[in-house]
Amino acid sequence: MNSSNSVAAGAGLGLMEVAFESLSHILKKKFQSKSKDVVEMNLSAAKFGYDSVKDISLKTTLKWNRRKPKGALIDGSKAFALGALAGDCRFASFYPMSPATGIMAQLSLLADDFPLVVEQAEDELAAINMIIGSSFAGVRSITATSGGGFCLMTEGLGLAGITETPVVIINAQRPGPATGLPTRTAQGDLLFTIRAAQDEFPRFVFAPGTPFEAFQITARAFKLSEKYQVPVILLTDQFLNDSLFISEKPFRAPKSIPRFTVEDKDIKAPEQYNRFKLTKSGVSPRALPCNGEALVVVTGNEHSEDGHISEEIKDRVNMARKRRSKVKNMIKEMKPPQLLYEKSKTLLVCWGSTKGAVMEAVEVLRSRKMDVGCLIFSDIWPFPSDHVISALEKCKKFVMVELNQTAQLGQLIRELTGLSYSDAILKFDGRPIYPNDIVERVIQFI
Amino acid sequence: MLDINVYNSDFENKWCPGCGNFDILSAMKNAFVDLGISPQKLLIVSGIGQAAKTPHFLKCNAFHSLHGRALPIATGAKIANHDLTIVVNSGDGDCYGEGGNHLINAIRRNIDLTLLVHNNMVYGLTKGQASPTSELGTVTKIQLHGVISAPLNPISFALSLGATFIARGFSGDGEQLSKLIESGVTHKGFSIIDILQPCVSFNRINTHSWYKSRVYDLEKTDYVPDNWMRAMEISQDWGDKIPTGIIFQKDTPSFTDRIDTLKESTLINKKYSEERLNNVLSKL
């Protein structure tokens, strides 16, 4: 019998100065179905490992809080899956790819108890086109992938764009390009995501920073996608998807689901229904196929109001303008980035899953009497320039914290507000960023 | 009975005069009239190519999508609402080339759709390049020394994957074709109808009269399409005699029949429940 795992667990936890009772409690639980001998052997193996590192001390000591934590223990993957259900998502199609697969595994676990079908597609092209088809037919739908799969999906993303079909796509980032580091974390796809697919069409891009935000933003993504008839892309990463967080805020289901589709009775002359009727807001009343007199015609070609192919200059210009004109109301839906210690001279600026590390770093720096705050983005595109300007104009300088090589959000801020970051803390080794990484660098800058 | 004119679309048709697509379009309309499927109850999904323009020339609900992607779009729509009657118009390039993987998997799923492959053995929309069904040696503006890859045999391909309804039609026999389309739509499961058609602009070999002198109707023989081995044998026939008609058919539950969630109602008709979700969330 081999109990080397228990030796290693004992040694590891011993180095981190965890009380041995915590480990023995877990081991007894883990092996409860086994014989007494097995339990005893593993306990003594663990103790052996634990004692053997007694005299070694690590640079960092960890404080262990023995109280039972309040709230939910949840990873990002599960939170995205539950958020989809809170957005009344009923169809999910995907092709397996780390670190996105966990989301689909969670949805599959829920599929027996909810009006939900999960289908493993033959490739990412099929995955996105299936959800475009199901959404066209009236069912809210989602797919999840990582950067390489998202590359394949960009063709379908454009189809969702030009046919104005709502879809929600999760891109769980990992370092790339190509296969890159499949099981590690990154934030290298921001600029790719906001521009992905040829030509121009509106989309929303959100990057939740915690499981609770992942839950709320995913539910909101379904609503916004349907309200504006645009694709929504959620950016996450391996760190957020696969790490367990304690979430104190309670997860709650929405009371009801507002729908943004029309039926014959809502249309003046259903037999003359035009799917792409020009409107001031750019949003046309959306009927569903085979649901009455109104015939629904859509095409990936440029088209006239009735959805048939058109190469006429007026149709091309009108349709491109119609799609573009949605942006002015879409921007109003964007929540301002979260600003902590707003009067600080220096602001750390980040997006997505680096939120926790940045917030913790700010507390450490402030405890050392440094005047540092932070600005945290979850709503990224369409870019909420006005909010960003008012948050950044008061600080003396701002520093980007991102898991990519070129400060992609920093570039975007400069492009769209004219404000430039003074320094950037960039990590692209595939590992998550820790508060200490940030603290040490900020001390050098100030 | 429906008036066939209800399917008329006033959208300008730019297919070449004499194109086999016109006959396929007529056969489709006749089949829908016979089946009593009104334009309001019909969803046509298509990819890209001259064939894929079909839904613009026929009044119906339509999704004219991307090259090769009609089947996944149609699959998604069927899962969302399995009461829909969905017909897919595709071509040899769209379906056997760009969309090959989707065809493999639509067959495996046995999703209840009817796929019409307008097979003219050439790329028409892009003006005359070789397609996956072009015969060896076919000379085009790109394949100057003739095609060097062997042609795909759609019938034996579909058979090998276990397709539950496989037929071959010919655009020059409208009566047979419309019956085949009716049988395909009525079949519960995935139906593929490979339709031989001339391309008057880019295929000067496999012309209307070339086909006309070769095709024969299996229904007028003692052939019964219920034997897979026999069907495989028939699928190899190509040359002086080309068999048309239903080549193989069997009853197997379709994709949406196999999903418990869809047994009682369509996905689109289900209801959101706050309580059901809170039950899960409260256990976090």
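Each reported figure results from applying straightforward, stated rules to the coordinates on display, with no laboratory input. Model, not experiment: these values are computed from the prediction. Here the Cβ is made from the backbone with ideal geometry for all residues, glycine too, and neighbour counts use every protein chain on show.
Quick notes on this one:
- At q = 0.08, 0.10 Å⁻¹, base-10 log of I(q)/I(0) for chain A (Debye sum, equal scatterers on each alpha carbon): -0.54, -0.79
- Cα pair distances in region B:54-149, grouped into 5 Å bins until the bin that holds the longest one, percent each: 3, 13, 21, 21, 16, 11, 8, 4, 2, 0
- Low-density loop cleavage sites - trypsin sites (Lys or Arg not before Pro) in region A:128-202, where at most 14 other Cβ are within 10 Å (DSSP): none
- Max mean-square fluctuation residue, GNM over chain A, Cα-Cα springs under 10 Å, options A:178, A:46, A:186: A:46
- Comparing chain B with the 2.2 N^0.38 Å rule of thumb, its C-alpha radius of gyration ratio is 1.05 (two decimals).
- Neighbouring partner chain Cβ atoms per residue of A:286-292, average, 10 Å criterion: 6
- Crossing angle, helix A:124-136 versus chain A [Cα axis fit, 0-90 degrees, rounded to tens]: 50
- With the Kirkwood sum run over all distinct C-alpha pairs, region A:62-115 has a hydrodynamic radius of 12.9 Å.
- Diffusion coefficient (Stokes-Einstein, Kirkwood radius over C-alpha pairs, 25 °C, 0.890 mPa s) for region A:4-52: 237 µm²/s, rounded to a whole number.
- Most mobile of A:99, A:432, A:211 in a GNM of chain A (Cα contacts under 10 Å): A:432
- With helices as the sole contributors, the protein assembly as shown gives -10500 deg cm²/dmol at 222 nm; each DSSP H run of n ≥ 4 counts as -39500 (n - 2.57), and the sum is divided by every residue.
- Put simply, the convex hull of the Cα atoms in region A:366-446 casts, on average, a shadow of 5.8 nm².
- Using alpha-carbon coordinates, inclination of helix A:435-445 to the longest axis of chain A, degrees: 80
- Residue among B:100, B:68, B:184 with the largest mean-square fluctuation in a Gaussian network model of chain B, springs linking Cα atoms under 10 Å: B:100
- Computed extension gain for residue A:25 through residue A:73, at 0.36 nm per residue and net of the alpha carbon distance, reaches 15.4 nm.
- Nitroxide proxy distance, nm - points 7 Å out along Cα→Cβ at residue B:135 and residue A:345: 8.5
- With Cα atoms, 0 to 90° folded angle of helix A:4-15 axis to chain A main axis: 90
- Sites matching GluC sites (Glu not before Pro) across region A:170-279 that sit in DSSP coil, with at most 11 neighbouring C-beta atoms within 10 Å: A:200, A:248
- For region A:1-89, applying the loop criterion from DSSP together with a ceiling of 10 other beta carbons within 10 Å to the trypsin sites (Lys or Arg not before Pro) yields A:54, A:59, A:63, A:66, A:67, A:70.
- For the peptide A:302-310, the mean number of other protein chain Cβ atoms found within 10 angstrom of a residue's Cβ is 3.
- Among beta bridges identified by DSSP and lying wholly in chain A, the antiparallel ones come to about 20 percent.
- Computed from point charges on the beta carbon alone (+1 for Lys and Arg, -1 for Asp and Glu), the dipole magnitude for chain A about its Cα centre is near 1760 Debye.
- Spread of Cα-to-Cα distances over 5 Å intervals beginning at zero, given as percent, for region A:73-247: 2, 10, 20, 24, 23, 14, 5, 1, 0
- Across all directions, the shadow cast by the convex hull of region A:101-193 built on its C-alpha atoms averages 6.3 square nanometres.
- Signed unit charges on C-beta, dipole axis of the protein assembly as shown, positive-most listed residue B:71, B:246, B:225: B:71
- The mean number of Cβ atoms from other chains found within 10 Å of a Cβ in peptide B:37-44 is 4, as a whole number.
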